Each structure stands twice: as C-alpha cells, then as structure tokens.
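Chemist: Please find one structure pasted underneath; my questions will follow.
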Amino acid sequence: MNKFWIWLNQLGSPPNFWAWSQPWLRGCLALAFITLGIGLYGGLVMAPADYLQGESFRIIYIHVPSAWMSLFVFVFMAIQGAAALIWRIKLCEIFVVAAAPTGAVFTAVTLITGMLWGKPTWGTYWSWDARLTSELVLLFLYLGIIALYHSYSEHRAGARAASILALIGVVNVPIIHYSVVWWNTLHQGSTISLTGGSKMHISMLWPLLVLTLATKLYWIAVLLFKSRVLMLKLERSKTWARNALATNV
Amino acid sequence: MSGHWPYIIAAYTICFVLFALDWFASVIELKNLKRDSIMRQRRGANRPDAGNPNPGNTKADNMQARNTELGNKQAVRDQSVNDKPMDASQ
C-alpha cells in the first residue's frame, strides 16, 4: 500500500479528520469570501451591460456557478455513496449526508435566479422545458435524499439508503447537461464549454470564473463544517468528541 | 434597462439568504451539541462510570448486589406466603 492510501485510510478515522479539516475549513472560507468580493465587484460593477439583455444578464454571475455546483455536488455524492456502499467507509457516508442540504440550496438558487432572469428576458418566470424541469427533478432528488436519511433512526442505515438514492439519481445529471442539445428548449445552449471555448467576451467572462471558484471554495468549507458537526453528533460519547466539544470548536 | 435591477437585487438577496440559512443551520446544531455536552457533564453523564448505580463498583460487584437484592425480595415474598393464615377449609 503506498503512502497516499495509508494517509487516506488514516484520514477516514474521525479524530484524524477532525484535526485535519480545521485549517482547511478556515482557509477555504477566507478564500471564498475574498474571491466572492472580487467576483461580485467584477460582475456587478466592472462588466459592461449586455447589448441584447441589458443589465439583467448580471444574474448569470450567481445563476451559472450555482447550476454547475448543483450538478457537481450530486456527482460528488454519488461517488461518495458508491465508496460508502462498497468499502463501508464512515467518512464517505458522512459526506453523502452532509453534502445534500448545500446541494439542495445550490439547486434552489439556480431555479429561483433562473426564474428572476427569465421574467425580463423571456417574459415568463417558468416554462416546462427540458432544462428547467430536469433541474426541478434534481431539487426533488436532493430533498428525497435528505428525507430518506432522516426517516431512519440509525445513522448508518439512513446513510446507506441515501447513498443508493444518490447513485440512482445521478442519471439525471447528464440529462440536465444535455437537455439543451437533445431537445428544443426555451433555455439557451451552453455559453461556456471546456472543449469549445467561450462565446462571452473576456470582460464579462472573468468575474464568472472568479465566482465559480468562490462557490467551489464556499462549498468545500460548508461540506467540512457540516461533516465535522455530524461527526461530533455521531461520536459524542467518545473521549475525543467530548474534548472537542469542551474546547472552542 | 434600469427596470432590471429589482430582479438582480432580488436574485442576489435570495441567494445570500439561502446560503446563510444553510450555514447557520449547522452553527445552531453545533451550539445545541455543545449545550447538550455541558448538561451531560453537569449531570455526570460523561464520567467513565456513567450509568453505574454504584460508582466505584465493578460490574461483578453490581451484579452480586443486584442478585442479593433479588434474593432478599424473594425471601420476603416466600416469608409472606408462609405467614399467611391457612384457610379453614384446607
């Protein structure tokens, strides 16, 4: 077994994860606020208005990073769920459960900001087109995972059930991504692609990339925070958890 | 185009409120955990011998005390049956 696997194995132990995660949480949160400030200033003040949509296009700076995160978090949960089911790793179970509420928030933000952008642009808040409907299904999947976990009195049984639902629900992610390609939708196609470049001018693009980084950093900080709280809750009878609760956490 | 700003302000406000709620839900959960831990400590529930009816006794001591107590109760019951006056018909 190489050093990385040994380190990863040791990290799976709650006391080790507790000690390791504290500086990362603080660092990611601080960086998230810095990048958020820069990104918001760039998006709301520096970027020029769109020639067609006017000022309303500025909603893109929160809508698109949230939409990307809503898909990213679900894929993350499915991977962690698979690891939890195959190797029975406690930390992976905790990650599945801890990631779901923030994923639901990202999805809700995507839908609400999309509606608020749709009204001045399309003339309607909502349309039952493929992209909007599949994103709404994603929100229901997140809520289903949260409800399923809480319906069990025993944590590990609930986490396993949540992992199975995350694995089943991940099929919705490519449907959301390719919905604008497969079907004729009111929602516009991809503006930015990893392979095909960007249709946005650089003066509008850079704040979007900075805010994408900010949402990633914020999510890492929230995930670590929620995992730590859940870990304390599950291990509160253990000495390390009692000591951690007694100190300023 | 200035008519678009209410939509932009509403979008960003809702977004930050939801993120703040998500964060503070965990902060409240952590505070509740700390409060419970302090209360358990005050009640002594965090001691290594928590739940032990006779602190200082081992498990074997407790079992022996329990058996003695049960034995004594049984003896008292037997005695009360023996002390019962016999029915005249018997």
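The values are calculated or read from the model by the stated rules, or taken from the named source; none is laboratory data. A quick note: this is a predicted structure, and the numbers were derived from the prediction, not measured. Virtual Cβ from ideal backbone geometry, glycine too; neighbours counted across all protein chains shown.
Chemist: Assess whether A:Leu136 counts as being farther than 23 Å from A:Leu40 by Cβ and modelled with pLDDT of 95 or more.
Modeler: Details: farther than 23 Å from A:Leu40 by Cβ: yes; modelled with pLDDT of 95 or more: yes.
In short, yes.
Chemist: Go through the stretch A:7-66 residue by residue and tally those that are in a helix (DSSP H, G or I) and either more than 24 Å from the chain's Cα centre (by Cα) or aromatic (Phe, Trp, Tyr) (or both).
Modeler: Within the stretch A:7-66, the subset in a helix (DSSP H, G or I) is A:7-11, A:14-46, A:55-66.
Among the residues that remain, those that are also either more than 24 Å from the chain's Cα centre (by Cα) or aromatic (Phe, Trp, Tyr) (or both) are: A:7, A:9-10, A:15-18, A:20, A:24, A:33, A:41, A:45-46, A:55-57, A:61.
Counting residues in the stretch A:7-66 that are in a helix (DSSP H, G or I) and either more than 24 Å from the chain's Cα centre (by Cα) or aromatic (Phe, Trp, Tyr) (or both) gives 17.
Chemist: Could you give me the residue pairs with C-beta distances under 6 Å whose first residue belongs to the stretch A:50-65 and is within 8 Å of another protein chain (Cβ to nearest Cβ), whose second residue is small (Gly, Ala, Ser) and in a loop (DSSP other than H, G, I, E, B) wherever it lies, and which are 6+ apart or on separate chains?
Modeler: Correct list of pairs: A:Glu55/A:Ala49.
Chemist: If you scan the stretch A:1-23, which residues turn out to be surrounded by fewer than 10 Cβ atoms within 10 Å (Cβ to Cβ) and closer than 19 Å to A:Glu93 by Cα?
Modeler: A:Trp5
Chemist: With respect to the numbered conditions (1) within 14 Å of chain B (Cβ to nearest Cβ); (2) more than 29 Å from A:Trp20 (Cα to Cα); (3) surrounded by 17 or more Cβ atoms within 10 Å (Cβ to Cβ); (4) not β-branched (Val, Ile, Thr), which one is the sole condition not fulfilled by A:Phe106?
Modeler: (2)
Chemist: Does A:Trp7 satisfy being more than 14 Å from chain B (Cβ to nearest Cβ) and without any contact (Cβ under 8 Å) to a residue 40 or more places away in the chain? Explain how you work it out, then say what you get.
Modeler: Working: more than 14 Å from chain B (Cβ to nearest Cβ): yes; without any contact (Cβ under 8 Å) to a residue 40 or more places away in the chain: yes.
Judged against the criteria, A:Trp7 is a match.
Chemist: State which residue is farthest from A:Leu205 (Cα to Cα) when the search covers only the stretch A:27-40 and only residues that are free of Cβ contacts under 8 Å to residues at least 24 places away in the same chain and not hydrophobic (A, V, I, L, M, F, W, C).
Modeler: In this case the residue turns out to be A:Gly27.
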